[in-house]
1. For segment 26-40, just list the computed ³J(HN,Hα) in residue order, Karplus coefficients 6.51, -1.76 and 1.60, θ = phi - 60°, integers in Hz, with x standing in for Gly and Pro.
2. Would you pull out the residues with amide H under 5 Å of SER14's amide H, same chain only if 5 or more places away, H placed 1.01 Å from N?
3. Under 8 Å for C-alpha pairs, at least 6 residues apart: give me the relative contact order for segment 5-73, rounded to a whole percent.
4. Please turn the phi angles of segment 52-65 into ³J(HN,Hα) values with the Karplus equation 6.51 cos²θ - 1.76 cosθ + 1.60 (θ = phi - 60°), one per residue in order, whole Hz, x for glycine and proline.
5. Under unit Cβ charges (Lys, Arg +1; Asp, Glu -1), what dipole magnitude, rounded to 20 debye, does the chain have relative to its Cα centre?
6. At q = 0.19 Å⁻¹, work out log10 I(q)/I(0) for the chain with the Debye formula, treating every Cα as an identical point scatterer and leaving solvent out; two decimals please.
7. Taking amide H positions as placed in the peptide plane 1.01 Å from N, state which residues far from VAL66 in sequence (5 or more) or on other chains have amide H under 5 Å from it.
8. Net charge near LYS68: determine it from the other residues with C-beta under 12 Å of the C-beta of LYS68, scoring Lys and Arg +1 and Asp and Glu -1.
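The values are calculated or read from the model by the stated rules, or taken from the named source; none is laboratory data. This structure is a prediction, so every number in the text was calculated from the model and none was measured. As a convention, Cβ positions derive from the backbone with ideal geometry for all residues, glycine included, and neighbour counts pool all protein chains shown. Ligands, DNA and RNA are stripped out before the accessible areas are found, and what is left, the full protein with its side chains, is counted by its heavy atoms. Shrake-Rupley method; radii C 1.70, N 1.55, O 1.52, S 1.80 Å.
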Amino acid sequence: MFFIFGLRTKVDRSGVVRQVCPHCGNHAAQVITRRSTKFTLFFVPLIPIRTRYARQCTVCGAQFDVSKAEAQRLPVG
Ligand SMILES: [Zn+2]
(Lines give C-alpha, C1' and ligand atoms only; values in the text may rest on other atoms or scores of the structure.)
Protein backbone atom coordinates (compact mmCIF):
# COMPACT_ATOMS: atom_id res chain seq x y z
CA MET A 1 0.00 0.00 0.00
CA PHE A 2 1.42 3.37 -0.87
CA PHE A 3 0.21 6.91 -1.09
CA ILE A 4 0.99 9.67 -3.50
CA PHE A 5 0.61 13.01 -1.83
CA GLY A 6 1.90 16.51 -2.22
CA LEU A 7 1.05 20.17 -2.43
CA ARG A 8 -0.45 21.98 -5.36
CA THR A 9 -0.66 25.71 -5.81
CA LYS A 10 -3.28 27.04 -8.13
CA VAL A 11 -3.08 30.62 -9.35
CA ASP A 12 -6.33 32.29 -10.29
CA ARG A 13 -6.57 35.67 -11.84
CA SER A 14 -9.43 37.17 -9.88
CA GLY A 15 -9.67 40.54 -11.57
CA VAL A 16 -8.17 43.83 -12.61
CA VAL A 17 -8.41 47.13 -10.79
CA ARG A 18 -7.11 50.56 -11.66
CA GLN A 19 -5.07 52.01 -8.83
CA VAL A 20 -2.02 54.11 -8.20
CA CYS A 21 0.97 51.80 -8.04
CA PRO A 22 3.03 52.32 -4.85
CA HIS A 23 6.16 51.41 -6.78
CA CYS A 24 6.07 53.44 -9.98
CA GLY A 25 3.33 55.94 -9.12
CA ASN A 26 1.34 55.33 -12.30
CA HIS A 27 -2.43 55.10 -12.15
CA ALA A 28 -2.49 51.77 -13.93
CA ALA A 29 -4.25 48.45 -14.15
CA GLN A 30 -3.32 46.11 -11.33
CA VAL A 31 -3.95 42.40 -11.76
CA ILE A 32 -5.31 40.69 -8.66
CA THR A 33 -4.26 37.07 -8.31
CA ARG A 34 -5.22 34.43 -5.79
CA ARG A 35 -2.76 31.65 -5.03
CA SER A 36 -4.35 28.76 -3.21
CA THR A 37 -2.22 25.89 -1.97
CA LYS A 38 -3.88 22.58 -1.30
CA PHE A 39 -2.76 19.27 0.08
CA THR A 40 -3.29 16.60 -2.55
CA LEU A 41 -3.70 12.87 -2.26
CA PHE A 42 -3.40 10.89 -5.48
CA PHE A 43 -3.34 14.26 -7.28
CA VAL A 44 -6.74 15.16 -5.90
CA PRO A 45 -6.80 18.48 -4.02
CA LEU A 46 -8.27 17.75 -0.61
CA ILE A 47 -7.34 20.17 2.13
CA PRO A 48 -6.73 23.89 1.62
CA ILE A 49 -3.45 24.85 3.27
CA ARG A 50 -3.29 28.55 2.57
CA THR A 51 -4.60 31.19 0.24
CA ARG A 52 -2.71 34.32 -0.62
CA TYR A 53 -3.67 37.33 -2.60
CA ALA A 54 -1.40 39.61 -4.53
CA ARG A 55 -1.65 42.41 -7.01
CA GLN A 56 0.74 43.13 -9.81
CA CYS A 57 1.24 46.40 -11.59
CA THR A 58 0.97 46.06 -15.36
CA VAL A 59 3.31 49.02 -15.93
CA CYS A 60 6.36 48.14 -13.84
CA GLY A 61 5.55 44.53 -12.94
CA ALA A 62 5.98 45.06 -9.19
CA GLN A 63 4.00 42.63 -7.09
CA PHE A 64 2.48 43.33 -3.68
CA ASP A 65 0.81 41.07 -1.17
CA VAL A 66 -2.69 42.08 -0.22
CA SER A 67 -4.87 40.71 2.54
CA LYS A 68 -7.94 38.66 1.76
CA ALA A 69 -10.19 41.44 3.07
CA GLU A 70 -8.44 43.96 0.88
CA ALA A 71 -8.65 41.73 -2.19
CA GLN A 72 -12.39 41.25 -1.67
CA ARG A 73 -12.99 44.96 -1.11
CA LEU A 74 -11.29 45.99 -4.36
CA PRO A 75 -13.71 47.14 -7.05
CA VAL A 76 -12.88 44.35 -9.47
CA GLY A 77 -14.39 44.96 -12.88
ZN1 LIG B 1 3.92 50.09 -11.05
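1. Those phi angles translate into 7, 7, 9, 5, 10, 8, 8, 10, 10, 10, 10, 9, 10, 6, 10 Hz.
2. Placed amide hydrogens put ILE32, THR33, ARG34 under 5 Å from SER14.
3. 28 percent
4. So the Karplus estimates, Gly and Pro as x, are 10, 10, 8, 10, 10, 6, 7, 8, 9, x, 5, 10, 10, 6 Hz.
5. Its charge dipole is roughly 140 debye.
6. Values, matching the q order: -0.77.
7. TYR53, ALA54, ARG55
8. After counting each charged neighbour, the total is +3.
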